[in-house]
Structure formats: structure tokens, C-alpha cells
Amino acid sequence: MTITIGSFSTSVLTAQPFGYEGDARTGLTARTFRVNGLLTSAQWQALVSEYGTWRNSRLTDADTLSSASVGTTVSVSIASSNGLSISGLACWFTEPPSGEQAGPYISANATLVDAAQALAVLLREQEKSRQNSEATVPSLGTVTLTRATGTSPIVTLTKPMLTRQDGPSVSLTATGVSYVTGALAAHKVRQIEGYLTTGSYDDVLSWYDETIAAIPSSTSWFPISPPSATAEVIISGGAKSTRYSVSLTALQII
């Protein structure tokens, strides 16, 4: 059998090259390929050179999870090993070349991984970690920012939203008796914090612009602070997307 990594090639292998890494119980595994054999001095130099070239480029790649891209890879081909073969597969090194002198040869080892499968495992692990984290948060429901036309954005709440403001205040008289001032009532307030599950942040801004442009009716919810938002990249089903978390405050008109 012959294994080729870029410009490096050898057919003197002392172990079959195919394997897997990862957690087999969850299926989060990726194919690996081992170089284990006796190399000439020229072959050893070629293997070390391939690793060095890949390493130097890999260092400049964008963060793998942020980019959801395999970035720099090295091409691996294996000709028929016990009925298994690959051709021109994009791989990462997982273990750099190591070697021991064995007479005129170098007993060398190196391990590579199928870059696409390894990336899929990393993205799925990140997705599961986020899902587990969200599962610990109680379900607080959703709130719809209703628009007359266009998309009405829906916010999945991450904090309880109901509170009160403008209630009466209490102070002490000169004789030390409590003295209540102000109306014996309070405004109902929604402090909305959560992430968008329907609509976009532009829809939230449109809802705000349209709502403040009209005279509010009794019991309607009127925004008393403009919306703000933050964005984060999330992975769902192996696909990268941007999720917007929004924050705003609305008051119910009495």
C-alpha cells in the first residue's frame, strides 16, 4: 500500500493507516490516517516539509469555529489498504511527524484527520453545548411586537419581562410617620430581553418607529426606550447563522 501526503509518499508502512478519533457512542468521530513506517532521509525531509508548510499556513487561518471552515488542508491519498482507499482528501495534521533513527532509516509516525469530518464534529459539539446551556434556562415564553403591515417580530424571552414603575413613594413626616405621595397606582411595564425567532432586527426598529408615530390607545403597549441589539454566531444542524438578542422597554397606557 502507498500513502501520499502532498509531495511526500511511502509504501513501506508497518501499520495499516485507517482509523477514527472521537466519541463513538455519540457518533462524533472523524476518520484518521496514520503514517507509521521506515522512511529514507529524503522521505523524512519531505514529510517534515509538508507538515511545516501546512502548519505555517494553518497558524494564519481564521478561528475554525467562528469561520465554520476547514481552512488550510493537506491532500492525502492512500492506495488500497485492505480494500480501503482515499484520493486527494483534504486533511489536517493531528499529530506532527516524529521519528527515531533505525540504522539508515527513520522510524516515523504522524497522524492526520479528515478535515471536513473533524469540522462537522467540532460544530456539532458546539451546537450541543449551546443547546444544553439553553435547556437549563426556564421557558419564559415569547412576546410578539405586532405591526399593522410587514413582519411582526417575535422575541423568545430570556428574562421575566413584567415589572412596574411610577408607583407611589413613601417618606417620613417630621414626627416620624410614613407619608405616601403620588397616585395609588403604577404603570405596568415590559422589560423585554430575548432573541429573535421570527423577523429581523430591522423589523423590530420598524415596529418601534411605527408605534411611536401614533397616539397610543388605552391598554396598548408603548415603547419608552428604543430597541438595542447584540449579535452572536450560532451553529444549528451544522450550519452557521447569526442570532440577534434584543432589549427594549414598553409601558402599558392607562
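In table form, for the structure just shown:
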item: Residue pairs meeting the criteria (Cβ under 6 Å; at least 6 apart or on separate chains; first free of Cβ contacts under 8 Å to residues at least 60 places away in the same chain, in region 1-18; second of a type in the set (D, E, K, R)); result: 8/50
item: Residue, farthest from the chain's Cα centre (by Cα), within region 163-204, restricted to residues that are crowded, with 16+ Cβ neighbours inside 10 Å and of a type in the set (A, V, I, L, M, F, W, C); result: 189
item: Wholly enclosed strands (runs of 3 or more DSSP E) of region 144-240 bearing at least 1 residues over 30 Å from residue 129 (Cβ atoms) and among the β-branched types (Val, Ile, Thr); result: 162-165, 169-172, 178-181, 187-198, 221-236
item: Count of residues meeting criterion [under 14 Å from residue 98 (Cα atoms), in a strand (DSSP E or B) and of a type in the set (Val, Ile, Thr)] in region 1-48; result: 1
item: Extreme residue, nearest to the chain's Cα centre (by Cα), among residues of region 78-122 that are part of a strand (DSSP E or B) and at positive phi; result: 88
item: Scan of region 65-97 for residues that are under 15 Å from residue 111 (Cβ atoms) and of a type in the set (A, V, I, L, M), ordered by number; result: 74, 76, 78, 86, 89
item: Which numbered condition residue 54 fails, given (1) at pLDDT 95 or above; (2) of a type in the set (A, V, I, L, M, F, W, C); (3) in the same structural domain as residue 194 (by TED's automatic domain parsing); result: (3)
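Residue-by-condition table, conditions (1) among the hydrophobic types (A, V, I, L, M, F, W, C); (2) touching a residue at least 40 places away in the same chain (Cβ under 8 Å):
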site	(1), (2)
39	yes, yes
48	yes, yes
51	no, yes
55	no, yes
58	no, no
68	yes, yes
76	yes, yes
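The values are calculated or read from the model by the stated rules, or taken from the named source; none is laboratory data. No experiment lies behind these values; they were computed from the predicted model shown. Here Cβ is always computed from backbone atoms with ideal geometry, including for glycine, and neighbour counts include all displayed protein chains.
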